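Undergrad: Would you mind keeping the following structure in view while I ask a few things?
The values are calculated or read from the model by the stated rules, or taken from the named source; none is laboratory data. Since the model is a prediction, treat every value here as computed from it, not as a measurement. No Cβ is skipped: glycine too gets one built from the backbone with ideal geometry, and neighbour counts run over all protein chains shown. Heads up: the accessible areas ignore ligands, DNA and RNA and are worked out on the full protein's heavy atoms, side chains in. Shrake-Rupley method; radii C 1.70, N 1.55, O 1.52, S 1.80 Å.
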Amino acid sequence: MAKYSIMTFNARYHTGGDGQYKLHPCRYEYIDEYLRENAPDVIGFQEIEGKTQRMLEETLGDKYLVVGLGRLKNFTDESNCIAFRRDKFKLLS
């Protein structure tokens with residue numbers, strides 16, 4: 001039986017009430033570094049805004065496919081997307 005490593009990652013929704021956590025874009029480097037260091041096969045993300053999802057697609061796109069849509073009627077806004085390793089999985093539909 002194949003074994004897979006699966007990780008969840010809460011990127012935090014960017015809001016003005018975050019106090020010391022307001023520096024959301026500064027977390028991008030940390031997120032990229034952490035995910036590359038741990039290299040899970042599948043990642044379930046929570047609280048991913050459009051800008052953060054685009055960053056994930058750009059920085060991890062060589063290794064992972066990131067899929068997911070926003071929660072609003074027009075598929076924008078925050079999402080709970082997943083990413084999986086391109087060398088281990090294939091998106092069927």
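Undergrad: When you look at N10, is it modelled with pLDDT under 80 and open to solvent by 60 Å² or more (accessible area, probe 1.4 Å), yes or no?
TA: So N10 does not fit the description; no.
Undergrad: Looking only at the range 54-91, which residues are assigned to a loop (DSSP other than H, G, I, E, B) and either within 22 Å of R36 (Cβ to Cβ) or at pLDDT 85 or above (or both)?
TA: Hits for the range 54-91 are G61, D62, K63, G68, N80, C81, R86, D87, K88, F89, K90, L91.
Undergrad: Which pairs turn up if I take residues in the range 31-51 that are farther than 16 Å from T8 by Cβ and look for partners that are among the hydroxyl-bearing types (S, T, Y) and surrounded by 15 or more Cβ atoms within 10 Å (Cβ to Cβ) with beta carbon separation below 6 Å, at least 6 apart in sequence or on another chain?
TA: D32/T59
Undergrad: With respect to the numbered conditions (1) exposed (fewer than 11 other Cβ atoms within 10 Å of the Cβ); (2) modelled with pLDDT under 85; (3) charged (D, E, K, R), which one is the sole condition not fulfilled by E37?
TA: The one condition E37 does not meet is (2).
Undergrad: Oh, and also: With the requirement that a residue be over 19 Å from R27 (Cβ atoms), of a type in the set (F, W, Y) and buried (at least 16 other Cβ atoms within 10 Å of the Cβ), what does the range 40-83 give you?
TA: None - no residue of the range 40-83 is over 19 Å from R27 (Cβ atoms), of a type in the set (F, W, Y) and buried (at least 16 other Cβ atoms within 10 Å of the Cβ), so the list stays empty.
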